[in-house]
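Below: the structure, in structure tokens.
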Amino acid sequence: MKLLETLLPTCRQVSRLQSDLLDQPLSLPKRFGLRLHLLICKWCRRYGKQIRFLRHAVHEHPDEVSQASPRTLSPEARERLKQSLGQEPR
């Protein structure tokens, strides 16, 4: 990141910085830019709260997360979805 981008990050950059912050410490300029952005952007503050909540929930309930299995749609549900999206059924 260039210095100006580091000190005045976009919302996209801030969302990435918040994710990175969960796993590793940020450099001083990145932390400063992040905090400055969060002072003025309620949407990024909200996003930060959400990812911290999700991380906390995963760490509090690891067994439930590991037991989660992907679900598939029934053939009938697939056809209804395709029809509602305007696609031809198979």
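The residue that is farthest from the chain's Cα centre (by Cα), among those in segment 1-20 that are closer than 11 Å to Cys44 by Cβ and surrounded by 15 or more Cβ atoms within 10 Å (Cβ to Cβ), is Pro9.
I'm checking my understanding of the structure. Among residues of segment 21-35 that are in a loop (DSSP other than H, G, I, E, B) and touching a helix residue (DSSP H, G or I) at 6+ places or on another chain (Cβ under 9 Å), which one is surrounded by the most Cβ atoms within 10 Å (Cβ to Cβ)? Top of the filtered list is Leu26.
Since every read-out is calculated from the coordinates, none of them should be taken as a lab result. What you see is a predicted model; the values in this text were computed from it and never measured. Reconstructed Cβ throughout: ideal geometry from the backbone, glycine too, with neighbour counts over all protein chains shown.
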